[in-house]
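Asks: Dumping the structure here so I can ask a few things about it.
Read-outs throughout are calculated quantities, based only on the coordinates presented, and are distinct from any laboratory measurement. Here the structure is a predicted model, which means the values were calculated and not measured. Here the Cβ is made from the backbone with ideal geometry for all residues, glycine too, and neighbour counts use every protein chain on show.
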Amino acid sequence: MNLTPVKEKIISKQKRYIHILFIAPTLIAIFLIIIYPLFYSFLLTFHKFTIGMDSPRYIGLRNYVSLFSDTRLLHSLYLGIVFTCIALVLEFLIGLGSALLVDKMIRGRSIIISILIIPMGVMPVVVGLVWRMLYHPNYGVVNHVLTTLGFEGPQWLASTRWALPALILSDIWQWTPLIFLVILAGLQSLPKEPFEAAKIDGASSWQMFHQICFPLLRPMILVVLLLRAMDLIKEFDKVYTLTGGGPGSATEIMSYYVYRVGFKYFKIGYGATCSFLVLFLIAVLSFILIKILPSEVEL
Amino acid sequence: MTRGEKHINKIILYVTLAIIMLIFIMPIYWVFVTSLKIPKEYFSSPPVYLPSEITFSSYIKLFQGSQTLHHLLNSLIVALITTAASVGIGSLGAYSLARFKIGGKYLAFAILGIYMFPPVTFILPFFILAQKLHLYDTRLILAIVYTGFFLSFVVWIMRGFFYEIPKELDEAAMIDGCSRIGAFLKVILPLAKPGLVATSLICFMFSWNEFLFALILTSTNAKTLPVELGGFITDKALLWGQMCAGGSFAIIPILVLILFLQKYLVRGLTFGAIK
């Protein structure tokens, strides 16, 4: 078909119009719902706004300076890092171990997968509530099992020492399956040839895992661990229902602290500033993720 | 390895897995079984694993004289609107990214980045802006907020699915007389059904389970189920039976959806990690 130059111009203009039309709703929605409020919040960080004030008052960088002297914030940052690291390591190890076990199975694999998906879909609020029951020092299932096995069960949620581990365990319960599923999917997609060749060459199981399996799985493991790390830093729901940040501030991880500052102490300007600190941490992790993503995974 | 050793290994494997399964099922079982227990069996030493009698009184008490049914409806309506809007708008956007490559790599990553933003950074501005727009405590504001966040997830997942569908199919449809949108709706979308199912399911689940924004943006009219359950801790710390009854309603819809659609779900979840 021979088009005149004018007709071609009209058609390509229509094409571009359609192209933009497809993505316009998404971009508009994201701008109005995400970008604008984020910018609004950023402006708030330069203001003081608490109860009794009609409107925010400009105070420059004072909120940011306050960040450094806020010991409770630093404490929540510390707790957040501890929570994230321990939960992440344990979720990885248990998920990896389970995936390696299930990978060898032929029958029953799909039943196990069906069961393991479920914790991830349980409302985090309910996770916190039910574990609150299970952690009861005298009547809870956890201590019942521990005493049956010969250990003495701690006070869990009433103890400043054991509240954070309790929180960590509840997250391990809920999210290890994700690591498990990703690693299992990866294991099942691995080519058989390298392993067969290695076996012929006399490699041990550990060598095969360490030298073949792990390097091939590394990209997806890194991705899922980074995603999990970001979710752990953002954790809120389970803290609210399991411990309420306590006892005291023993489980007051970052998101919960921001909530407290903004909605319990009503320090809106300062709360916004703290929330940007959380955003900054997430941004750092995302940056790392984006750096490794294109090189490790084809998209 | 001798036959005997292989046998023992297998037994250890299955026992270990059985214990792991038990651990993962136990809390869910606990919610359901406690919702059916008589009050004196909620807490006892040793704990009651098998109730001596079953009663539905917790469920009855939960719905009597409280707004639970209203909150359940709120959760449902918000989840349905959110899912429809997110998947609808997001799929269009994903198609644009996959086929027309608007914005190149950077726009795609920028949109994905939004999914990773911490919700806490938004609770203060959302609270203030919702009041200003007179949308505080409405189901609409929740649906809007959720859609904003889930869009990036939908775009990311569906983009991957659209990449897998050969461009030639679009072009064939358009040569046959379809417009671009026609080709998208009649040819491409049906082929991307697994992706659509997975993302719809995940959007519904995220919306149903969402707590923080619902806590901030609702009070009585638009309160959703998670917020009501969260309130059990502060106001009614002793009503464990009702709490578990409410918890059952929180879990069961998602459980049913997951069990029926798990093939799609596993594909959707692991999709981002492997090609």
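Asks: Arranged by the count of other C-beta atoms within 10 angstrom, fewest first, what order do A:221, A:282, A:106, A:111 take?
Replies: Values: A:221 18, A:282 21, A:106 5, A:111 10.
Taking fewest neighbouring Cβ atoms as first place, the list is A:106, A:111, A:221, A:282.
Asks: Gaussian network model of chain A, Cα springs within a sub-10 Å range: biggest mean-square fluctuation belongs to which of A:36, A:265, A:64?
Replies: Taking springs between Cα atoms under 10 Å, the residue moving most is A:36.
Asks: Under DSSP H, which helices of chain B have Cα atoms covering 27 Å or more of the helix axis and a Kyte-Doolittle average no less than -0.5?
Replies: Numbers: long enough: B:3-35 (47 Å, 1.24); B:68-95 (40 Å, 1.25); B:139-164 (36 Å, 1.42); B:240-271 (39 Å, 1.35).
In chain B, the long hydrophobic H runs are B:3-35, B:68-95, B:139-164, B:240-271.
Asks: On a straight-distance basis, which aspartates and glutamates could pair with residue A:264 in a cross-link, Cα separation under 19 angstrom, same-chain partners fewer than 8 positions away excluded?
Replies: Hits, sequence-local ones excluded: A:54, A:70, A:235, A:237, A:252, B:137, B:228, B:235.
Asks: Highest GNM mean-square fluctuation, chain A, Cα pairs closer than 10 Å: which of A:52, A:60, A:248?
Replies: Among A:52, A:60, A:248, the largest GNM mean-square fluctuation belongs to A:52.
Asks: To continue, here is another question. I'd like the FRET efficiency for residue A:89 and residue B:259, computed as 1/(1 + (r/R0)^6) with the beta carbon distance as r and R0 of 30 Å, rounded to 0.05. List each step's numbers first, then the result.
Replies: Working: r = 31 Å, r/R0 = 1.02.
E between residue A:89 and residue B:259, to the nearest 0.05, is 0.45.
Asks: Summing +1 for each Lys or Arg and -1 for each Asp or Glu, what net charge is found among the other residues whose Cβ lies under 11 Å from the Cβ of residue B:52? Show your work: numbers first, answer last.
Replies: Values: positive: B:37, B:40; negative: B:41, B:53.
Residues close to residue B:52 contribute a combined charge of 0.
Asks: Tell me the label-point distance for the pair residue A:287, residue A:204, using the 7 Å Cα-to-Cβ offset, in nm and rounded to one decimal.
Replies: Once both label points are built, they end up 4.2 nm from each other.
Asks: Sort A:47, B:71 by Cβ crowding within 10 Å, fewest neighbours at the top. Could you put the intermediate results ahead of the total?
Replies: Numbers: A:47 20, B:71 24.
Fewest-to-most ranking of A:47, B:71: A:47, B:71.
Asks: Are there DSSP H segments in chain A that both extend 30 Å or more along their axis (alpha-carbon positions) and score a mean Kyte-Doolittle hydropathy of at least 1.6? List them, or say none.
Replies: Working: long enough: A:5-30 (38 Å, 0.52); A:71-103 (47 Å, 1.68); A:163-188 (38 Å, 1.52); A:268-296 (41 Å, 1.86).
Counting only whole DSSP H runs, the qualifying helices are A:71-103, A:268-296.
Asks: For chain A, modelled as a Gaussian network with Cα springs under 10 Å, which listed residue fluctuates most, A:177, A:194, A:154?
Replies: Looking only at A:177, A:194, A:154, the biggest GNM fluctuation is shown by A:194.
Asks: Taking 2.2 N^0.38 Å as the expected size of a compact globular protein, what ratio does the Cα radius of gyration of the protein assembly as shown give against it, to two decimals?
Replies: Numbers: Rg = 25.4 Å, N = 574, 2.2 N^0.38 = 24.6 Å.
Against the empirical 2.2 N^0.38 Å value, I get 1.03 for the protein assembly as shown.
Asks: Follow-up question, since we're still on this one. I need the calculated FRET efficiency for the pair residue A:195 and residue A:81, taking r as the beta carbon distance and R₀ as 30 Å, to the nearest 0.05.
Replies: On the way: r = 38 Å, r/R0 = 1.26.
So, using R0 = 30 Å, E works out to roughly 0.20.
Asks: Using the 10 angstrom Cβ neighbour count as an exposure proxy, how do B:57, B:52 rank, fewest first? Let's see the in-between values first.
Replies: Working: B:57 15, B:52 9.
Result, fewest neighbours first: B:52, B:57.
Asks: Only sites in a loop by DSSP and with at most 13 other Cβ atoms within 10 Å count here; which chymotrypsin sites (Phe, Trp or Tyr not before Pro) in region B:1-55 make the cut?
Replies: Values: sites: B:14, B:24, B:29, B:30, B:32, B:42, B:43, B:49; in loops: B:42, B:43, B:49.
Sites meeting the loop and neighbour criteria: B:49.
Asks: Once amide H atoms are built 1.01 Å from N in the peptide plane, which residues 5 or more positions from residue A:48, or in another chain, come under 5 Å H to H?
Replies: A:57, A:58, A:59
Asks: Next up: With respect to the cross-link table entries B:40/B:223; B:101/B:186; A:13/B:101; A:15/B:101, which display a Cα-Cα separation exceeding 19 Å?
Replies: Checking Cα-Cα distances, B:40/B:223; B:101/B:186 exceed 19 Å.
Asks: OK, next. Once you keep just the Cα pairs under 8 angstrom separated by 6 or more residues, what percentage relative contact order results for chain B?
Replies: Details: 274 pairs, mean separation 79.0, N = 275.
RCO, chain B: 29 percent.
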